[in-house]
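**Q** Structure incoming, see below.
The values are calculated or read from the model by the stated rules, or taken from the named source; none is laboratory data. Given the structure is predicted, the values throughout are model-derived calculations rather than measurements. Cβ atoms come from the backbone with ideal geometry, glycine included; neighbour counts cover every protein chain shown.
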Amino acid sequence: MTMQKTRNFCIIAHIDHGKSTLADRLLQFTNTVSDREMQDQLLDNMDLERERGITIKSHAIQMKYNYKGEEYTLNLIDTPGHVDFSYEVSRSIAACEGALLIVDASQGIEAQTISNLYLAIGQDLEIIPVLNKIDLPGADPEVVADEVIDLIGCDREDIILASGKEGLGIEDILNAVVERIPAPKGEVDAPLQAMIFDSVYNPFRGVEVIFRIFNGTINKGDKIKFVNTGKEYDADEIGILGINQIPQQTLAAGNVGYLISGIKVAKEVKVGDTITHVKNPCQTAIKGFENVKPMVFAGIYPVDTTEFEELRASMEKLQLNDASLVWEPETSAALGFGFRCGFLGMLHMEIIQERLEREFDMTVITTVPSVQFRALMNNGEYKTINAPSDMPDPNLFKHIEEPFVKATIITAAEYVGPVIQLCMEKRGQIKNQVYLTSERVELSFDMPLAEIVFDFFDKLKTISRGYASLDYELIGAQASHMVRLDVMLNGEVVDALSAIVHRDKAYEWGKRLCEKLKELVPRQMFEIAIQAAIGTKIIARETVKALRKNVLAKCYGGDISRKRKLLEKQKKGKKRMRQVGNVEVPQEAFMAVLKLD
Amino acid sequence: MTEALIAEIVHRKDALQKDPLIRTIYFGGGTPSLLSTKAIERILNTIHQHYPVSLEECTLEANPDDITLDKLQEFKSLGIDRLSIGIQSFQEHVLKFYNRAHSAQESLLAVKKSQDAGFEKLSIDLMYGFPHSDHNIWHQDLASALEINPGHISSYCLTIEPKTALAKWTQTGKFEEAEEGFVQEQMQHLIEATEKAGYEQYEISNFAIPGKEAIHNSNYWRGHSYLGIGPSAHSFDGNKRWSTVSNNNKYIRSIQAGDFSVQEENLEPVDILNEYVLTSLRTSWGTDLQKIQSEFGIHLVEEKKSLIAQLQGEGMIFVDSEHLRLSKKGKFLADSIASALFIDYL
């Protein structure tokens with residue numbers, strides 16, 4: 001294999017634009033997999049990914065393609081399609097020389113696609129535009145082609161028409177990959193410089209590191225080190241990724257491969273890190289490395305308080321293969337022992353919650369998600385706030401800062417009004433408005449991240465009837481008037497329901513939360529006062545009236561047993577509730593915040 | 001049926017090992033007043049023959065429409081000293097709704113006849129919680145009842161049991177259940193009016209002039225053992241509970257075939273304790289804390305310290321060294337309080 005006959009490329013596509021099906025067709029066409037081996041959406045091999053239609057973790061696969069009598073090696077590097085994983089996307093893109101831009105011929109380009117496209121253009125990738133699903137009755141290749149031309153400045157002839165479902169245009173795509181994407185550059189004899197762009201946790205073999213070699217050569221058995229973590233390993237096994245792993249003795253510059261070196265903990269493998277030799281290391285690390293930081297924080301508690309240790313064990317196992325999940329123990333008066341967790345975003349949070357349920361059979365309560373605030377203290381120092389309980393006394397700080405993002409939204413022209421209104425409600429400031437076509441508009445806002453992570457995307461989808469896509473990137477922290485809003489039940493603060501909210505929204509928030517809780521907290525023997533408070537100031541109140549009367553039927557010899565069983569059953573139902581002072585609170589109440597509309 | 005009842009009485013003569021003495025007899029569960037006096041006599045004789053008996057009370061349930069003065073006098077001569085008359089209401093349309101065969105006039109007469117026949121212990125059943133537009137009907141019913149002064153009133157709130165016609169009507173919207181507050185006001189009125197007339201609410205649903213309480217029913221609430229004879233009868237021997245088949249024909253057939261098998265339910269000590277708490281709480285004498293301590297080894301007040309303090313604070317219960325009792329306020333929530341006081345493990 002020579003570098004001249006190698007092509008490294010990725011696929012940029014919006015969810016549902018048919019990336020997985022198209023990738024399957026490429027693998028079939030090049031006989032990388034036989035039809036018999038073919039599973040639908042082969043690249044997405046986690047259940048969860050398949051159901052959500054999102055590639056959560058990226059993988060790579062190598063194909064051999066005979067082009068004009070010569071065999072080429074094509075490395076397809078898969079990329080995650082959700083904004084929660086944008087750093088990983090950027091590293092996958094950095095491992096390629098070219099990208100297929102796949103656009104649904106009936107839908108047009110979406111915000112996430114554009115942001116990934118810009119990442120690719122920024123890395124000087126050759127872009128091959130592909131209009132997919134041209135077989136669909138709703139396809140409008142002419143209009144969508146115009147959009148693509150506007151966006152990347154290509155010629156109309158450069159756009160390939162394809163249908164993953166029907167297998168149309170597959171050969172054109174493969175030929176274009178060979179013809180248009182440049183061969184990798186690099187020196188085989190230089191010191192080893194390879195970039196980690198992914199890792200896969202294998203419970204038997206340890207972490208499998210997926211990398212792209214930019215310079216040098218790696219051999220089986222080499223002593224290697226990861227530049228950013230400084231850790232050294234033996235390259236026990238190296239190889240290329242076909243449909244299965246294919247071990248090799250040596251891999252050289254330009255190629256993509258995997259490495260197994262007995263790494264037990266996912267945390268040691270950081271996407272973007274550089275692999276080099278212990279002896280004769282490369283002079284510089286590959287640019288662009290970042291430590292992935294959690295953006296959303298929430299408490300996770302076992303529904304059954306006795307299952308704390310089980311939850312800990314499950315979280316530890318999850319962390320083995322998901323290094324981006326961070327957590328530390330946290331105690332709540334209402335919920336007992338649990339964990340404060342940091343997630344890449346709301347999707348990541350949902351995935352963790354689902355994996356805990358599916359893979360570990362743990363039912364958990366997740367508390368109000370929050371972003372990371374920081375307080376500028378009177379002494380000039382910053383204090384990080386990951387949870388409402390971290391919020392310092394208002395006398396002790398000058399102000400609170402919250403993370404802001406630049407949010408890009410692409411929607412149909414008719415929804416511009418409602419979208420702008422929604423963004424304003426979410427404390428956004430409009431920065432730009434561009435008509436991509438006469439029908440499609442790109443809007444840019446500066447917005448607090450806290451407003452985005454919550455229910456923003458759902459609302460956006462609703463007001464635009466699904467015709468809006470969203471992307472965002474952090475642009476730094478700004479001072480905001482944030483307050484801690486507490487909820488009290490009969491005077492007792494329910495710590496698990498506290499939230500950090502903007503002062504202007506605190507009243508509305510408090511009112512709606514009290515109303516929601518009133519629906520969820522069942523009537524009990526005593527009256528229950530539900531109050532929302534900022535500090536000592538009560539800003540909202542609802543009352544759950546006391547039960548007035550049981551159904552007190554007769555109770556003679558034949559009734560006793562039935563009656564006892566009925567009351568036992570009622571009592572058992574109450575056991576699933578959490579006790580806050582003298583109030584029994586059902587599990588759903590702790591999630592109430594997520595359901596405010 | 002009488003033969004089957006007699007056969008079962010004989011068969012179960014050793015069923016109550018712990019406390020075999022028969023102190024009360026209760027002919028209940030529907031329309032025992034339909035039994036001939038001959039049949040009642042034979043049943044009573046069989047009991048006297050096979051069981052140790054020291055009778056303190058012998059009750060018969062009667063429907064107003066099959067009471068005659070002659071019959072009443074015969075009952076009396078057989079040793080029946082207490083009558084429980086299922087009046088339910090003094091309103092014709094309510095009676096019709098409940099599908100009762102008797103009329104309001106018959107009800108009044110039945111009580112009068114019973115009093116004339118010399119029954120000193122009389123009880124009438126009254127139903128409330130009917131979704132009337134106001135409380136007038138209930139107030140009238142209660143006033144009528146207190147005017148004839150039976151000495152004992154059992155009063156139940158209309159409840160919609162699953163798989164009944166009423167449940168179906170409720171589902172289809174033909175019947176609308178009364179609101180909780182409305183029913184609560186009726187119960188409140190019941191308690192006040194009976195109290196004014198000198199009745200004591202000695203159990204949630206039972207009101208009596210002191211000395212006229214039902215001894216038989218009170219034993220259920222004290223956790224004593226009892227033996228039920230006949231279809232769908234429940235028994236409790238202090239450890240286990242059993243019941244017979246509920247279908248009359250099936251019952252008779254199996255007894256004829258010599259099959260006395262029953263549906264048995266084994267009660268753990270904790271079940272017996274919780275049942276005792278549940279039933280005794282409903283009474284005016286309350287839950288006997290010493291009994292719980294000596295029979296179950298549990299110091300209930302200590303065990304449920306914070307709950308009891310809270311209930312006391314809300315004025316729902318009274319506790320002294322011997323008993324735990326519900327206050328007037330607590331009685332409305334007897335079930336909630338009982339279930340909160342339930343012990344999980346012994």
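So that you can scan it fast, the table gives a plain yes or no per residue for (1) surrounded by fewer than 18 Cβ atoms within 10 Å (Cβ to Cβ); (2) closer than 14 Å to B:L227 by Cα:
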site	(1), (2)
B:T2	yes, no
B:K13	yes, yes
B:I25	no, yes
B:T37	yes, no
B:N45	yes, no
B:D66	yes, no
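**Q** Restricting attention to the range B:79-100, and to residues there that are in a strand (DSSP E or B) and of a type outside the set (S, T, Y), which single residue is farthest from B:I67 (Cα to Cα)?
**A** B:Q88
**Q** Condition (residue is more than 30 Å from B:Y156 (Cα to Cα) and free of Cβ contacts under 8 Å to residues at least 24 places away in the same chain) applied to the range A:555-573: is it met by at least one residue?
**A** Among the residues of the range A:555-573, not one is more than 30 Å from B:Y156 (Cα to Cα) and free of Cβ contacts under 8 Å to residues at least 24 places away in the same chain, which makes the answer no.
**Q** For residues in the range B:245-295 being out of contact with any Asp or Glu (no Cβ under 8 Å at 6 or more places or on another chain) and of a type in the set (S, T, Y), which is nearest to B:H11 (Cα to Cα)?
**A** Top of the filtered list is B:S261.
**Q** Looking only at residues in the range B:240-250 that are within 13 Å of chain A (Cβ to nearest Cβ) and in a loop (DSSP other than H, G, I, E, B), which one is farthest from B:Q17 (Cα to Cα)?
**A** B:S246
**Q** Residues being facing another protein chain (nearest Cβ under 8 Å) and either touching a helix residue (DSSP H, G or I) at 6+ places or on another chain (Cβ under 8 Å) or assigned to a helix (DSSP H, G or I) (or both): count how many of those fall in the range B:332-346.
**A** Qualifying residue count for the region: 9.
**Q** Suppose we keep only residues that are more than 7 Å from chain B (Cβ to nearest Cβ) and assigned to a loop (DSSP other than H, G, I, E, B) within the range A:555-597. Which one would you say is farthest from A:Y507 (Cα to Cα)?
**A** Per the criteria, the residue is A:D559.
Residue-by-condition table, conditions (1) buried (at least 16 other Cβ atoms within 10 Å of the Cβ); (2) under 26 Å from the mean Cα position of the chain (by Cα):
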site	(1), (2)
A:E425	no, yes
A:A450	yes, yes
A:E473	no, yes
A:L489	yes, no
A:V494	yes, no
A:L517	yes, no
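**Q** Can you tell me how many residues in the range B:101-127 are buried (at least 21 other Cβ atoms within 10 Å of the Cβ) and assigned to a loop (DSSP other than H, G, I, E, B)?
**A** 1
**Q** If you go through the range B:310-328 one residue at a time, how many are facing chain A (nearest Cβ under 10 Å) and either assigned to a helix (DSSP H, G or I) or surrounded by fewer than 20 Cβ atoms within 10 Å (Cβ to Cβ) (or both)?
**A** Result for the range B:310-328: 4.
**Q** With respect to the numbered conditions (1) at pLDDT 90 or above; (2) in contact with a helix residue (DSSP H, G or I) (Cβ under 6 Å, 6 or more places away or on another chain); (3) surrounded by fewer than 20 Cβ atoms within 10 Å (Cβ to Cβ); (4) of a type outside the set (K, R), which one is the sole condition not fulfilled by A:P403?
**A** Among (1) at pLDDT 90 or above; (2) in contact with a helix residue (DSSP H, G or I) (Cβ under 6 Å, 6 or more places away or on another chain); (3) surrounded by fewer than 20 Cβ atoms within 10 Å (Cβ to Cβ); (4) of a type outside the set (K, R), the lone unmet condition for A:P403 is (3).
**Q** Could you check, for the range B:290-309, whether at least one of its residues is touching a Lys or Arg at 6+ places or on another chain (Cβ under 6 Å), surrounded by 13 or more Cβ atoms within 10 Å (Cβ to Cβ) and either within 12 Å of another protein chain (Cβ to nearest Cβ) or part of a loop (DSSP other than H, G, I, E, B) (or both)?
**A** Looking for residues that are touching a Lys or Arg at 6+ places or on another chain (Cβ under 6 Å), surrounded by 13 or more Cβ atoms within 10 Å (Cβ to Cβ) and either within 12 Å of another protein chain (Cβ to nearest Cβ) or part of a loop (DSSP other than H, G, I, E, B) (or both), one finds none in the range B:290-309, hence no.
**Q** Looking at A:S480, A:S438 in this structure, which one is more than 25 Å from A:K595 (Cα to Cα) and among the hydroxyl-bearing types (S, T, Y)?
**A** None of the other options fit; the residue is A:S438.
**Q** Can I ask one more? Report, ordered by the first and then the second residue, all pairs with beta carbons closer than 6 Å, sequence separation of six or more or different chains, a first member in the range A:293-305 that is at pLDDT 90 or above, and a second member that is assigned to a strand (DSSP E or B) and among the polar types (S, T, N, Q).
**A** Correct list of pairs: A:F297/A:S370; A:A298/A:T366; A:I300/A:T366.
**Q** Another question about this same structure. Is it the case, given these coordinates, that B:A117 is in contact with a helix residue (DSSP H, G or I) (Cβ under 6 Å, 6 or more places away or on another chain) and either within 13 Å of another protein chain (Cβ to nearest Cβ) or modelled with pLDDT of 90 or more (or both)?
**A** Yes, satisfied.
**Q** Of everything in the range B:274-286, what is more than 10 Å from chain A (Cβ to nearest Cβ) and either touching a Pro at 6+ places or on another chain (Cβ under 8 Å) or part of a helix (DSSP H, G or I) (or both)? Give them in sequence order.
**A** Of everything in the range B:274-286, just one residue is more than 10 Å from chain A (Cβ to nearest Cβ) and either touching a Pro at 6+ places or on another chain (Cβ under 8 Å) or part of a helix (DSSP H, G or I) (or both), namely B:S280.
**Q** Sticking with this one: I'd like to verify a number: residues in the range A:203-230 that are over 24 Å from A:A183 (Cβ atoms), free of Cβ contacts under 8 Å to residues at least 40 places away in the same chain and part of a strand (DSSP E or B), how many?
**A** 0
**Q** Please indicate, with yes or no, whether at least one residue in the range A:134-155 is of a type outside the set (D, E, K, R) and at pLDDT below 80.
**A** No, the conditions are met nowhere in the range A:134-155.
**Q** Please verify whether A:G239 is outside any helix (DSSP H, G or I), at pLDDT 90 or above and either farther than 25 Å from A:E88 by Cβ or not basic (K, R) (or both), treating the condition exactly as stated.
**A** Yes: the conditions hold for A:G239.
**Q** Evaluate the range A:126-141: report whether one residue or more is aliphatic (A, V, I, L, M), farther than 30 Å from A:T217 by Cα and not in a loop (DSSP other than H, G, I, E, B).
**A** Within the range A:126-141 (the criterion being aliphatic (A, V, I, L, M), farther than 30 Å from A:T217 by Cα and not in a loop (DSSP other than H, G, I, E, B)), the answer is yes, since at least one residue qualifies.
**Q** Among the residues of the range B:270-324, which ones are over 24 Å from B:I191 (Cα atoms), in contact (Cβ under 8 Å) with a residue 40 or more places away in the chain and touching a helix residue (DSSP H, G or I) at 6+ places or on another chain (Cβ under 6 Å)?
**A** Within the range B:270-324, B:L273, B:N274, B:E275, B:F296, B:I298, B:L300 meet the criteria.
**Q** Just checking, how many residues over the range B:176-198 are more than 14 Å from every other protein chain (Cβ to nearest Cβ), within 24 Å of B:T159 (Cα to Cα) and crowded, with 16+ Cβ neighbours inside 10 Å?
**A** 2
**Q** Would you point out the residue of the range A:534-554, among those that are within 21 Å of A:F590 (Cβ to Cβ) and crowded, with 20+ Cβ neighbours inside 10 Å, that is farthest from the other protein chains (Cβ to nearest Cβ)?
**A** Taking the candidates together, the pick is A:A540.
**Q** Report those helices (runs of 4 or more DSSP H) wholly inside the range B:132-229 carrying at least 1 residues which are under 30 Å from B:Q17 (Cα atoms).
**A** Correct list: B:215-221.
**Q** Right, something else. Exactly one of these conditions fails for B:G258: (1) in contact with a strand residue (DSSP E or B) (Cβ under 9 Å, 6 or more places away or on another chain); (2) away from chain A (no Cβ under 14 Å); (3) in a loop (DSSP other than H, G, I, E, B). Give me its number.
**A** Of (1) in contact with a strand residue (DSSP E or B) (Cβ under 9 Å, 6 or more places away or on another chain); (2) away from chain A (no Cβ under 14 Å); (3) in a loop (DSSP other than H, G, I, E, B), only one is false for B:G258: (1).
**Q** Continuing with this model, one more query. Which strands (runs of 3 or more DSSP E) sit wholly inside the range A:362-422 and have at least 1 residues that are more than 23 Å from A:V493 (Cβ to Cβ) and basic (K, R)?
**A** The qualifying strands (runs of 3 or more DSSP E) are A:373-377, A:397-412.
**Q** Scan (1) surrounded by 23 or more Cβ atoms within 10 Å (Cβ to Cβ); (2) modelled with pLDDT of 95 or more; (3) of a type in the set (A, V, I, L, M, F, W, C) for the single condition A:F226 breaks and write down its number.
**A** So the condition that A:F226 fails would be (1).
**Q** Output yes when any residue across the range B:74-86 is touching an Asp or Glu at 6+ places or on another chain (Cβ under 9 Å), closer than 15 Å to B:D141 by Cβ and surrounded by 17 or more Cβ atoms within 10 Å (Cβ to Cβ), and no when none is.
**A** Yes, some residue in the range B:74-86 is touching an Asp or Glu at 6+ places or on another chain (Cβ under 9 Å), closer than 15 Å to B:D141 by Cβ and surrounded by 17 or more Cβ atoms within 10 Å (Cβ to Cβ).
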